[in-house]
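These notes are about the structure you will find just below.
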Amino acid sequence: MSNPDFVYTTYIKSTPERVWAAITNPEFVRQYWTPDIVSDWKKGSKWQMYADAEKKMAHVGGRVLESDPPKRLVLTWVDVSDPTDESNVTFALDAVEDMVRLVVSHTGFKDQSIIAGRISAGWPRVLSSLKSLLETGRALDTWAGHAGDCGKQPAAA
């Protein structure tokens with residue numbers, strides 16, 4: 001059975017440049033998501049997301065497939081626990097009046113993908129926190145009680 005694509009759209013009262021910085025700048029990213037994310041965000045470059053501030057344990061990474069600041073970023077997404085479980089993430093930013101429409105599409109999941117299940121819970125948390133940070137100056141504590149799970153769905157009761 002194949003996994004469906006994941007598409008999330010949100011509108012953020014900001015500019016495309018500021019939203020782009022929030023996605024690609026490690027200082028921004030660690031405020032709403034993860035201890036560290038590293039790349040130069042150029043086409044062909046490697047990117048890695050670390051679960052720890054010391055950068056000892058990368059848990060997700062991949063390659064930059066497209067980079068058109070501040071409009072579009074396309075990445076491969078690979079969980080280090082299964083290097084064959086590769087998918088793609090596209091961040092599309094469009095100015096709409098005094099807002100930015102941010103569409104995040106996570107596609108190309110293999111059958112039995114671990115990533116597919118994780119991102120369906122993770123992306124809404126991450127993007128809600130990003131939106132809050134940009135609009136209010138404060139990120140949401142969406143990971144409270146879920147430290148280190150990076151979007152793993154909570155166990156059923």
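Laid out as a table, the results:
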{"read-out": "Given (1) modelled with pLDDT of 95 or more; (2) surrounded by 16 or more Cβ atoms within 10 Å (Cβ to Cβ); (3) touching a strand residue (DSSP E or B) at 6+ places or on another chain (Cβ under 7 Å), index of the condition K71 fails", "value": "(2)"}
{"read-out": "Among (1) within 21 Å of D141 (Cα to Cα); (2) touching a residue at least 12 places away in the same chain (Cβ under 8 Å); (3) under 13 Å from the mean Cα position of the chain (by Cα), the one test that D52 misses", "value": "(3)"}
{"read-out": "Looking only at the range 102-138, and only at residues there that are modelled with pLDDT of 95 or more and among the small types (G, A, S), the one that is farthest from S87 (Cα to Cα)", "value": "G137"}
{"read-out": "Odd one out for D5 among (1) within 16 Å of the chain's Cα centre (by Cα); (2) touching a residue at least 40 places away in the same chain (Cβ under 8 Å); (3) closer than 18 Å to S129 by Cα", "value": "(3)"}
{"read-out": "Enumeration of residues in the range 94-131 that are surrounded by fewer than 17 Cβ atoms within 10 Å (Cβ to Cβ) and touching a helix residue (DSSP H, G or I) at 6+ places or on another chain (Cβ under 8 Å)", "value": "D94, A95"}
{"read-out": "Complete set of residues in the range 8-60 that are surrounded by 13 or more Cβ atoms within 10 Å (Cβ to Cβ) and of a type in the set (V, I, T)", "value": "T10, I12, T15, V19, I23, T24, V29, T34, I37, V38, V60"}
{"read-out": "Candidates V74, V64, V78, filtered to the one that is farther than 19 Å from Y8 by Cα, touching an Asp or Glu at 6+ places or on another chain (Cβ under 7 Å), in a strand (DSSP E or B) and among the aliphatic types (A, V, I, L, M)", "value": "V78"}
{"read-out": "Matching strands (runs of 3 or more DSSP E) fully within the range 1-58 where at least 3 residues are modelled with pLDDT of 90 or more", "value": "6-12, 46-50"}
{"read-out": "Residues of the range 81-118 satisfying the condition of being touching a residue at least 60 places away in the same chain (Cβ under 8 Å), part of a strand (DSSP E or B) and not aliphatic (A, V, I, L, M)", "value": "F91, D94, R101, S105, H106, T107"}
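The values are calculated or read from the model by the stated rules, or taken from the named source; none is laboratory data. These figures come from a predicted structure and were not determined experimentally. Don't worry about glycine lacking a Cβ; one is built from the backbone with ideal geometry, like all the others, and counts go over all protein chains shown.
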